[in-house]
Every structure is written in structure tokens, then in C-alpha cells.
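Presented below is the structure to which this report refers.
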Amino acid sequence: MLIKIDDLLSGKHGKMGHFVRFYDDSDTLLDEVASFVERALRARGRGIVIATGAHLDALRRRLDELARAEGRAVPPSWDVTWLDAEAMLARFMVDGWPDRARFEYVVGRVVAEACAGGASVHAFGEMVALLCARGRYDAALHLERLWNELAKKLDFSLFCAYPWALFPSANAAHVFRQVCAEHDHACADAAAPLPSGQPVDIGLVRLEQKVRALQAEAARRRQAEKDLLRREREFADIVENAAIGVHQMGADGTILWANKAELQMLGYRWEEYVGHHVARFHADPAVVDVMLARLAAGEPVHDQPARLRCKDGSIRHVVIRSNACFDDGRLRYTRCFTRDATEHVRHVAEIARAHARNVELMAALEAAGRAEDDFLAMVGRTLRTALDARATERAHRRLRRIARLVDVRLRGRTRGGLQYRFSQFEGRVVDNLRQQFIAFSVEAEVLKFGQFITKAGRQSPYFFNAGLFHDGATLGKLADFYAQTLLDSGLEFDMLFGPAYKGITLASATAVALAAKGRNTSFAYNRKEAKDHGEGGTIVGAKLAGKVVIIDDVISAGTSVRESVAMIRAAGAEPAAVLIALDRMERGGKDGVLSPLSAVQEVSQTYGIPVISIASLADLFGYLETDPKLAQYKDAVAAYRQQYGVA
């Protein structure tokens, strides 16, 4: 019984074992062999290919193409053993006959090495076909038996292949039966019975194979036509009912077709829009002329702002993407995608107006401040002048008190640092320290939005990577935020501690920022491995003493905090607080068994110390609500916060 090769390779007949394939089409055979070898590689197994030179090259290309099509790396050279069939025959044939001992040494050793470790091994061989092509059918049958003996010792699957042309007449029918008998399965393009105990008419078998192959091909074509029609209907539905405007335009600029979204956006009926020149609907003739010229030259149009006239006379701001279809060098039509940007343009205009108002306000505030400074200075001079011997002692005391108040007011107006209330980031007004930090992190691309996989395996809509504060300017600003947050907290502290490795830089830079604000603070950090020379130990910097603030970027599992607390207490000092950049406000644990507390809350509860953050997830969400450019991520962040967040 001949079975269908596709059924065997798909596992329908169980274990493949040692099987033979009779074929007419070499390309079809090579596709099957590549799939056979690739199946072993996908299971982390090995492949062995013993073929003619031409087939070796073709199979290498096919395996590479299969890997690239599935987005996998090309198989490394050690995963597949490539051997030339003619060269292998020459190594174990003696006087035209396969020598058992040499076969076991030459071929058996290759198979044994591949099978080492229990890996799945798929082998393909054409040596028997080469022997048959020389007329040595008896030698080919003996070689098949040697393969069978090897298969009793080692666990592997063997794919043999014989062209139908090697059995040209009824005289070869007995050899054909013997070849089939030496294999676990005999395969062809289609299943066909082989009469038991009767002569095999190979010509009839081949004819039946061709008939069955034609029938199968006809069935495949009918199914392909059905699939094509279905895909055409689906594609038409996708384009017609797409949420974005789409239209097709002829080479002369006439609109040939438009979908529902474009007609609804502009308010036209089909006959009022389709069949008319596109320039009729553009408010700016120069813009449409430039786009038509670029498309005619074969250049694509990317995100071209334009203004379109609606049926009711209003103007729609849109962004257009378009490219052209050419046939024999002639422009046939263009595909145009039109996105409504009216709301975006309105928001940008509002932001620009708000920015202009803020600039005016800041200028007015600065002018008022200068006027106030001048007035206070004048008052101070006047008051000091008034303190002469003729004034009463009571008047002296009152005037001195007023003078001191004026001096304090003047000194307060000259303080530096992050004492301002308004700050500019990307043209937006940010009105508190937490929002300033979020804006700064976005601007520095430390805080990004999209789809990210966290260390816990969760798909997060945002990602905060403090390691990207990697230049002097951004690190200086970051340290200023840390320092100001610590000062604003009102916390009593004596020194800073930075756990290795990120904490080292953060603690050092924050100490510099604190000194710039008038608070000179010592700091220390730890090294991962104890030093047995010099100062020795694991602590570098100032001696741990008093109330110590631990500085880090975020708290995930709390490991660095736990180690830091242990080191601080071991030195006789007291951990006063943990200062971090961003509190993700995210519960730990796996889905379905989430912890009721966030990592920050667990640290605070476990060690009885406060955790202070420059900003939190709540501040991040608040920032998204005010930034039109990032508004698209608001729902994803809200959903993530709902699923994993804490109050």
C-alpha cells in the first residue's frame, strides 16, 4: 500500500521510522525534505542530509527561507550535518558493494554523534537512488538493509527517495516491491493500493499517481478560488468600513472611489464626491498641486497637512498619506488615506494661545517682582534713614522690626533651586514639582509609553528606565529633583546611602545638589564584594551614622532596600527613609493571587520607615490627562492601574 506523503509527515500514520518516497517532481521532494528536517530542528533536534551537490544547495536555501519566514534565526551549522552522497558512497563501497564495517564507521558514527543526548534526529539519504541509477539495484537493497540494522541500534527517522524513472518497466516491478518491503512506509503523491501476491504494473501505478495528483490539484485550485473570493470580500469590507477615510484617485486627479468614512467626514453623497477632481475639495490649491506632482513622479506623500471643504462649507483639517500605482511606467491610480486632524489642530492652537498668555503672565509677574523689589529697597532705605536721634525709643523698635521684615522679604526673593511654581516643558505649563518631574522624564525619554514586558512578566503600557539619565545635564536635573523632594518632605536626616549600583550615582549626585541648596550632607555606598586591602570592607564613603536616607530609582522586589537596611543597622545607624524617583503603586504577586500591598507599601510596613517618591503612578496619570500628545495612552494606563494598582 502506497500512502500519501503529506499524511505521513503530518503524523497521521504515527512514527515515521524508515520510509521511502517515490517522486517525479524534484522541487516537491525538496520542499518535503526541508519540512522534514526543519521539524527536527524546531524540536531542538538534529538533521542529517546525504544528497547530491545540487540538492544540498537547494535544501540549504529552503531551510534558511523557512526560518526567516517564521522570524527565527537561520539554523546554525552544527544543527544540520551536510554530506555529499557520491563522496559518502566512495568511502564505504568495496568493489561496487556496500561494506558493513565501513558503513558503520562512516555513516553509523555520524548518526551516533547526532543522536547523542537523546536529541530527535531526522536523516535524508539519496545514496540508494544513486546506486539504482548505476543499475546496481542489488547494492541499493543491501544498503537499505544496512540502514535498518543501524536503526535497531540508534533512534532516528530516515527519509529515502527514489525517482519513479528508476523503475521504467515491468521488469523492475520485483525490485520496486523489495524496496517497499525494506521500509516501514512507502509513500507517493497520493495513496494507492498495491495488489498482494500479484505482479505490480508500475506504469499503471504511476498513471494512477498522476490522475490522483491532478484531482488533488484541481481540488486545491477550487479551494484556492473560494479562498480568494472570500479574501476579496473581506478586503473590500475592511476598506469600505475602515474607521479612516480612504479614496482612489485617477492619474488626472479624478476621485474614482471613496469609502464611507471619507464621505461621512466631509458630508458628501457618493455622486457629489466620486467622479470629481480632487482639487475641488481642497481649500489650498498649492497644497494639492504639490501632492499631485509628487505622486506623478512616483514619490509617496507622508503625513501631508491639508484643509478640505465640507459640503456645509466648513473646513476640515486633515493629514494625508498617499502613494501611486504604476503600470509599464504609466501612473494608473493613487491610494489616499485621509485622517481627520481638526481636533488636534484646535488643541495645538489652544496650547499656543495658552503658551502666549503664560509668556505674557510671566513677563508681567517678573515686571511686578522687579517693581516690588525696587519699592521694598526704597522703603528699606527710607526706614534706615528715619532712624535718627530725634525718634523715640518705641519708634526705633518698630522701625527696626519693619526693616528686618523687608530684608527677609528681599533675601527670600533671591533664593535659587526648584522654588519656582511654573516651569516650561515641551511648550506646556507644569505647575508642581511632581508634574515637572514627569514632564522631565518624558522629555529625556526615560519615561516611555507603548507596550513593554516587565520583569514580573506583565504587559505594561509604560516603562521607566532611570538608567537613561546618563549625561551630566539630565543627571544634574534628576539630582535637583531628589534633593528638593527630600527637603520638602521635612524629614530629619544626617546622611545619604546609595545601594550598588544605580544608588551610587544617585546618592552622590543628590549630595552635590543638597550642598548647592545650602545643606552639605555626607554620603556612603556599598560595593558588591568586600575589599581585603586599603580601607577594606564593603562600605565606601562616610561612616554610617545617625539617620540615613536610602536613595534608589524604584522599588520592585525590595531586595536592595532589605540589604541596605541590614547594613545600616549593622553599623549602628538608623534607616530614616527610602527616597525613590517613581512609585509605580503596583501590587506584587501573580495574576489571581495579587498582594494587597504594593512593593513600596510592603517596604514601609516591613521596616517601619517612610518611602518618599518624587512622583507616582497617580502623578503620571494626571500628566496624561493634560497632554494631548499622550492622551492615546491614558485608557491603557488606567486599565493597567485598575488591574494591578493600589489606592
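One table, with the values for the structure above:
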{"read-out": "Members of region 134-187 found to be open to solvent by 70 Å² or more (accessible area, probe 1.4 Å) and aliphatic (A, V, I, L, M), listed by number", "value": "Ala165, Ala170, Ala181"}
{"read-out": "Count - residues of region 557-603 that are surrounded by 16 or more Cβ atoms within 10 Å (Cβ to Cβ) and free of Cβ contacts under 8 Å to residues at least 12 places away in the same chain", "value": "0"}
{"read-out": "Region 505-514, subset within 16 Å of Ala473 (Cα to Cα) and of a type outside the set (Gly, Ala, Ser), residue most open to solvent (accessible area, probe 1.4 Å)", "value": "Val512"}
{"read-out": "Filter result for the condition that a residue is over 25 Å from Gly47 (Cβ atoms) and either within 47 Å of the chain's Cα centre (by Cα) or among the β-branched types (Val, Ile, Thr) (or both), over Ala151, Ala186, Ala190", "value": "Ala190"}
{"read-out": "Filter result (touching a residue at least 60 places away in the same chain (Cβ under 8 Å) and in a helix (DSSP H, G or I)) within region 240-289", "value": "Glu262, Met265"}
{"read-out": "Every residue from region 325-359 that is open to solvent by less than 70 Å² (accessible area, probe 1.4 Å) and under 15 Å from Val278 (Cα atoms)", "value": "Tyr333, Thr334, Cys336, Thr338"}
{"read-out": "Hey, Ala615 among the small types (Gly, Ala, Ser) and open to solvent by less than 50 Å² (accessible area, probe 1.4 Å) or not", "value": "yes"}
{"read-out": "Leu597, sole failed condition from (1) closer than 22 Å to Gln451 by Cβ; (2) modelled with pLDDT under 90", "value": "(1)"}
{"read-out": "Val111 being free of Cβ contacts under 8 Å to residues at least 12 places away in the same chain, touching a helix residue (DSSP H, G or I) at 6+ places or on another chain (Cβ under 8 Å) and farther than 23 Å from Thr28 by Cα", "value": "no"}
{"read-out": "Yes/no for Leu83 being open to solvent by less than 60 Å² (accessible area, probe 1.4 Å), closer than 29 Å to Arg42 by Cα, at pLDDT 95 or above and not β-branched (Val, Ile, Thr)", "value": "yes"}
{"read-out": "Sole residue being closer than 21 Å to Phe440 by Cβ, out of contact with any strand residue (DSSP E or B) (no Cβ under 6 Å at 6 or more places or on another chain), touching a residue at least 60 places away in the same chain (Cβ under 8 Å) and open to solvent by 10 Å² or more (accessible area, probe 1.4 Å), chosen from Lys517, Lys502", "value": "Lys517"}
{"read-out": "Extreme residue, nearest to the chain's Cα centre (by Cα), among residues of region 250-290 that are open to solvent by 50 Å² or more (accessible area, probe 1.4 Å) and aromatic (Phe, Trp, Tyr)", "value": "Trp257"}
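The values are calculated or read from the model by the stated rules, or taken from the named source; none is laboratory data. Quick caveat, the model's predicted, so the values are computed rather than measured. Heads up, the Cβs are rebuilt from the backbone with ideal geometry, glycines too, and the neighbour counts pull from every protein chain shown. What goes into the accessible areas is simple: the full protein's heavy atoms, side chains included, and nothing from ligands, DNA or RNA. Shrake-Rupley method; radii C 1.70, N 1.55, O 1.52, S 1.80 Å.
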